[in-house]
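The values are calculated or read from the model by the stated rules, or taken from the named source; none is laboratory data. Remember, predicted model here, so these are calculated numbers, not experimental data. Note that we place each Cβ from the backbone using ideal geometry, even for glycine, and neighbour counts take in every protein chain shown. Remember, those area values only see protein heavy atoms, side chains included, never the ligands or the DNA or RNA. Shrake-Rupley method; radii C 1.70, N 1.55, O 1.52, S 1.80 Å.
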Amino acid sequence: MASVGLLGDVMLGRGVAAALRDTRPEDLWSEEVRELCASLDLVVCNLECCISDRGEPTRRIPGKPFFFRAPPVAVEALRAIGVRAVSLANNHALDYETEALADTLVLLQAAGIAAAGAGRGTDEARRPAIVEADGTRFGLACVSDHPEEYAAREGSEGIAHSDLRRRSPPWLLQDLASLDEGCDRVIAFPHWGPNMVSEPAHWQLSRAAELQEAGADLVAGHSAHIFHGVGWRDAGPVLTDLGDALDDYRVDPVLRNDLGVLAIWEVSA
């Protein structure tokens, strides 16, 4: 039986990046978290920043308030908890423009961490990742519903983007169907919906159903910064939002976006 750890937003920029000047990357996580992750066969997360020492804050989105960039050493924080696959389909992958995203892809590859959800050109950005763990072949398909300004274009780095409120894009459904044929288990990993809401919107549940009908065994989303709990359909579990796993801020004393969740999915052979 393979065990998969699922983490929502892992933000290694800003205050976390500042902490890395005096803190070992592995010490961003407690010893208990490191030990638990070491017991798992695969850990997947949404990387909510670029990893680079290049680039300037993007001007694509006027008035954008937050820009997240981590230093290259931050990739060791991912390795410290056994992360082997990340999604880059989110609203911070291009915060420091294309050269920082390109660096992120290179650093992840050098660290042996598969990345999906971003790349050079539309085809590469949409390409799923495939990772083997304990003899089980996992497919990971990633997409973000915001921002459109970060969408990959031909000849330039960007993210896999689609307006998920309206429908599931045909390319994503086709990718899930292909992964279903070639992998033992398939994970749909969308970055969707508004921030700081405590439950999923109706359209997210509708999209989750479509993704599972296309071939996903698990739908695990992120973006709200708040854990939405676990649902279940005949096709498998649905976690519309995993919440934050690591960040540098707490903005609501009730919703508590500073409480991270590690969801563990145990998969039989």
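The set of residues in the range 115-168 that are of a type in the set (Ser, Thr, Tyr) and at pLDDT below 95 contains only 156. Scanning the range 227-243 for residues that are open to solvent by less than 10 Å² (accessible area, probe 1.4 Å), within 11 Å of residue 196 (Cα to Cα) and not small (Gly, Ala, Ser) returns a single hit, 241. Residue 249 falls short on exactly one of the conditions (1) out of contact with any strand residue (DSSP E or B) (no Cβ under 7 Å at 6 or more places or on another chain); (2) among the hydroxyl-bearing types (Ser, Thr, Tyr); (3) free of Cβ contacts under 8 Å to residues at least 60 places away in the same chain, and that condition is (3).
Filtering the range 250-260 for residues that are in contact with a Gly (Cβ under 6 Å, 6 or more places away or on another chain) and within 15 Å of residue 6 (Cα to Cα) leaves an empty set.
Residues checked against (1) touching a Cys at 6+ places or on another chain (Cβ under 7 Å); (2) surrounded by 23 or more Cβ atoms within 10 Å (Cβ to Cβ); (3) under 19 Å from residue 260 (Cβ atoms):
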| site | (1), (2), (3) |
| --- | --- |
| 10 | yes, yes, yes |
| 15 | no, no, yes |
| 21 | no, no, no |
| 31 | no, no, yes |
| 37 | no, no, yes |
| 49 | no, yes, yes |
| 63 | no, no, no |
| 69 | yes, yes, no |
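Residues satisfying the criterion are present in the range 181-191 (criterion: touching a Phe, Trp or Tyr at 6+ places or on another chain (Cβ under 9 Å) and closer than 19 Å to residue 88 by Cα). Taking residue 118 as the residue in question, decide whether it is more than 30 Å from residue 23 (Cα to Cα), under 12 Å from the mean Cα position of the chain (by Cα) and surrounded by 19 or more Cβ atoms within 10 Å (Cβ to Cβ). Criteria not met by residue 118. Scanning the range 60-81 finds one or more residues that are more than 30 Å from residue 183 (Cβ to Cβ), touching a helix residue (DSSP H, G or I) at 6+ places or on another chain (Cβ under 6 Å) and touching a residue at least 60 places away in the same chain (Cβ under 8 Å).
What number goes with the only condition from (1) in a loop (DSSP other than H, G, I, E, B); (2) open to solvent by 20 Å² or more (accessible area, probe 1.4 Å) that residue 207 does not pass? Here residue 207 meets the rest and fails (1). Taking helices (runs of 4 or more DSSP H) as the structural unit, those lying wholly within the range 96-194 and holding at least 3 residues that are under 17 Å from residue 219 (Cα atoms) correspond to 170-182. In this structure, does residue 33 turn out to be within 21 Å of residue 88 (Cα to Cα) and β-branched (Val, Ile, Thr)? Answer is no for this residue. Quick one: is residue 165 within 17 Å of residue 47 (Cβ to Cβ), free of Cβ contacts under 8 Å to residues at least 60 places away in the same chain, open to solvent by 10 Å² or more (accessible area, probe 1.4 Å) and among the basic types (Lys, Arg)? No; evaluated as a whole, the condition is false for this residue.
Would you pick out the residues in the range 193-204 that are open to solvent by 10 Å² or more (accessible area, probe 1.4 Å) and not β-branched (Val, Ile, Thr)? Result: 194, 195, 196, 198, 199, 200, 201, 202, 203. Is at least one residue of the range 174-192 farther than 27 Å from residue 50 by Cα, surrounded by 14 or more Cβ atoms within 10 Å (Cβ to Cβ), out of contact with any Ser or Thr (no Cβ under 9 Å at 6 or more places or on another chain) and of a type outside the set (S, T, N, Q)? Scanning the range 174-192 turns up at least one residue that is farther than 27 Å from residue 50 by Cα, surrounded by 14 or more Cβ atoms within 10 Å (Cβ to Cβ), out of contact with any Ser or Thr (no Cβ under 9 Å at 6 or more places or on another chain) and of a type outside the set (S, T, N, Q).
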